[in-house]
């Protein structure tokens with residue numbers, strides 16, 4: 001499956017549930033983000049991730065804004081349904097046949113993006129990485145109709161959305177499909193490990209042993225205490241590292 005943007009930044013992964021967004025997802029019966037948010041620049045081209053047909057185009061000012069849905073042909077016994085949300089412009093028509101890589105629209109921030117600033121995606125402090133210009137890309141796996149399952153109808157044909165009760169209304173993580181690998185798990189840096197690294201680096205410096213005592217001191221105080229010593233910048237750098245990681 002083709003990545004719908006060129007070299008995008010991931011601004012919110014699948015399943016994410018940032019602080020303050022709980023009620024938003026609960027309102028739609030979701031336990032978290034049911035797609036992946038990708039971002040480059042406002043107005044960048046958004047590509048079809050696969051061959052398929054364009055489903056009834058919609059605009060939802062309280063959700064995905066201007067968005068496109070594509071349904072694939074049957075492949076290995078199932079169908080792909082993909083969503084392309086928050087577009088600034090739609091470049092396809094209802095029922096249009098598209099090929100993988102065709103332009104379906106332009107990246108934007110229509111709908112529930114909580115900002116209308118045009119430009120590269122910039123996270124908002126204290127609100128998490130879900131604001132600004134981006135593409136919401138959602139992926140669903142469908143099959144021919146199965147009795148007693150959640151079903152949808154497109155172009156007069158009925159489908160079952162597989163795993164519709166998974167907490168994401170059947171949405172699956174697009175990451176391995178468009179990046180060709182599973183998401184990397186962030187490694188946790190323990191306080192003990194950080195101090196081990198910190199100690200090994202700073203112990204070689206004449207004033208390194210004192211650095212831990214300056215963790216809560218203003219940078220100017222540290223600069224004054226160290227004078228113009230050669231290790232000053234290195235010590236300040238690692239103190240700021242500790243602060244940034246919120247270990248202390």
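The values are calculated or read from the model by the stated rules, or taken from the named source; none is laboratory data. Computed from a predicted model, the values in this text were never measured in an experiment. We place every Cβ from the backbone using ideal geometry, glycine too, and count neighbours over all the protein chains shown.
Got a sec? Which of 84, 130, 168, 121 is out of contact with any helix residue (DSSP H, G or I) (no Cβ under 7 Å at 6 or more places or on another chain), modelled with pLDDT of 95 or more and either more than 20 Å from residue 52 (Cα to Cα) or assigned by TED's automatic domain parsing to the domain that holds residue 28 (or both)?
Details: 130 fails: modelled with pLDDT of 95 or more; 168 fails: modelled with pLDDT of 95 or more; 121 fails: modelled with pLDDT of 95 or more.
Checking each option against the conditions leaves just 84.
Can you work out which of the residues in segment 12-23 that are under 17 Å from residue 132 (Cα atoms) and modelled with pLDDT under 80 is farthest from the chain's Cα centre (by Cα)?
Filtering first and then ranking leaves 20.
Can you pull out the strands (runs of 3 or more DSSP E) entirely within segment 1-95 that have at least 1 residues that are under 20 Å from residue 170 (Cβ atoms) and touching a residue at least 12 places away in the same chain (Cβ under 8 Å)?
Hits in segment 1-95: 9-12, 36-39, 52-60, 65-71, 79-87.
Within segment 77-104, count every residue that is surrounded by 21 or more Cβ atoms within 10 Å (Cβ to Cβ) and at positive phi.
Qualifying residue count for the region: 1.
Scan segment 106-114 and tell me whether some residue there is modelled with pLDDT under 95, touching a strand residue (DSSP E or B) at 6+ places or on another chain (Cβ under 9 Å), more than 30 Å from residue 88 (Cα to Cα) and assigned to a loop (DSSP other than H, G, I, E, B).
no
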